[in-house]
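Student: So that we are looking at the same thing, I have put the structure below in structure tokens.
The values are calculated or read from the model by the stated rules, or taken from the named source; none is laboratory data. The structure displayed is predicted, hence computed values, not measured ones. As a convention, Cβ positions derive from the backbone with ideal geometry for all residues, glycine included, and neighbour counts pool all protein chains shown.
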Amino acid sequence: DIQMTQSPSSLSASVGDTVTITCRASQNIRNYLSWYQKKPGKPPNLLISAAYNLQTGVPSRFSGAATGSGTDFSLTISSLQPEDSATYYCQENDSAPYTFGQGTKLEIK
Amino acid sequence: QVQLVESGGGVVQPGRSLRLSCAGSGFTFSRYALQWVRQAPGKGLEWLAGISHDGGYKYYTDSVKGRFTISRDNSNNTVYLQLNSLRSEDTAEYYCARAPGGLDYWGQGTVVTVSS
């Protein structure tokens, strides 16, 4: 099974800042990587699929990138807004079981 | 609009069974793979099971293999998750999601509590 290592586990930033969350796969997942935003009491919301593809309706402040040989990925949120306070998860979509990362809790100061 | 609605959750004793349902609408149900994901209290998201558009392929994470069974009825636009031999650690909110790649639409979730 593919292991997904996400970091940091938590971070705190101010409105207007830019933050980056990283996710590393234990093997090449060919950019089959999604990012989700999860708020308490709500289902997860798909932000980015296939490493780069921003979903319709998601602000352009969110962006995804891939580096390395299909193993290293990042989610960048620029111009942080109060509503960005949430937990963010990566998920590999290459082969089952489609493992999630451990999550990154983002606090807006 | 695309909707997924889960049902079937509740309080159940350890060792008992439960069947979760997820009804889809607003899209051609039979064209999409579907997956189940759960979140235990205070924990992260855990992927559980997936099923191909026609039900021909089914996938499970190791922790539920042999206890949980995913199935679908395309004539009724419903996907199921049969939960057997439930344990306290299965207490969680369970979500179904549409899976064209990333999980683009999710239900609101149904809560399963395993307790004596």
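Student: Report the residue count in region A:51-74 for those that are within 14 Å of chain B (Cβ to nearest Cβ) and over 14 Å from A:Ala25 (Cα atoms).
Tutor: Within region A:51-74, residues that are within 14 Å of chain B (Cβ to nearest Cβ) and over 14 Å from A:Ala25 (Cα atoms) number 9.
Student: Which residues, counting only those in region A:67-103, are part of a strand (DSSP E or B) and at pLDDT below 95?
Tutor: Let us first name the residues in region A:67-103 that are part of a strand (DSSP E or B), namely A:67, A:72-77, A:86-92, A:100.
A:Thr67, the sole residue that qualifies.
Student: Ok, one more. Testing A:Leu46 on (1) free of Cβ contacts under 8 Å to residues at least 24 places away in the same chain; (2) out of contact with any Leu (no Cβ under 7 Å at 6 or more places or on another chain); (3) closer than 19 Å to B:Gln35 by Cβ, one condition comes back false. Which one is that?
Tutor: Unmet condition: (2).
Student: Determine the pairs where a residue that is within 7 Å of chain B (Cβ to nearest Cβ), located within region A:93-109, has a partner that is charged (D, E, K, R) and in a loop (DSSP other than H, G, I, E, B) with Cβ atoms under 8 Å apart, the partner being 6 or more residues away or on another chain.
Tutor: From region A:93-109, the pairs are A:Pro97/A:Asp1; A:Pro97/B:Asp62; A:Thr99/A:Asp1.
Student: With without any contact (Cβ under 8 Å) to a residue 12 or more places away in the chain and either loosely packed, with under 15 Cβ neighbours inside 10 Å or under 13 Å from A:Cys90 (Cβ atoms) (or both) as the only criterion, which of A:Thr56, A:Thr18, A:Thr5 stands out?
Tutor: Being without any contact (Cβ under 8 Å) to a residue 12 or more places away in the chain and either loosely packed, with under 15 Cβ neighbours inside 10 Å or under 13 Å from A:Cys90 (Cβ atoms) (or both) holds for just one of A:Thr56, A:Thr18, A:Thr5, which is A:Thr56.
Per-residue answers, yes or no, for (1) surrounded by 14 or more Cβ atoms within 10 Å (Cβ to Cβ); (2) in contact with a Pro (Cβ under 7 Å, 6 or more places away or on another chain); (3) at the interface with another protein chain (Cβ under 9 Å from one of its Cβ atoms):
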residue	(1), (2), (3)
B:Gly24	yes, no, no
B:Gln35	yes, no, yes
B:Glu46	yes, no, yes
B:His53	yes, no, no
B:Asp62	no, no, yes
B:Gly107	yes, yes, yes
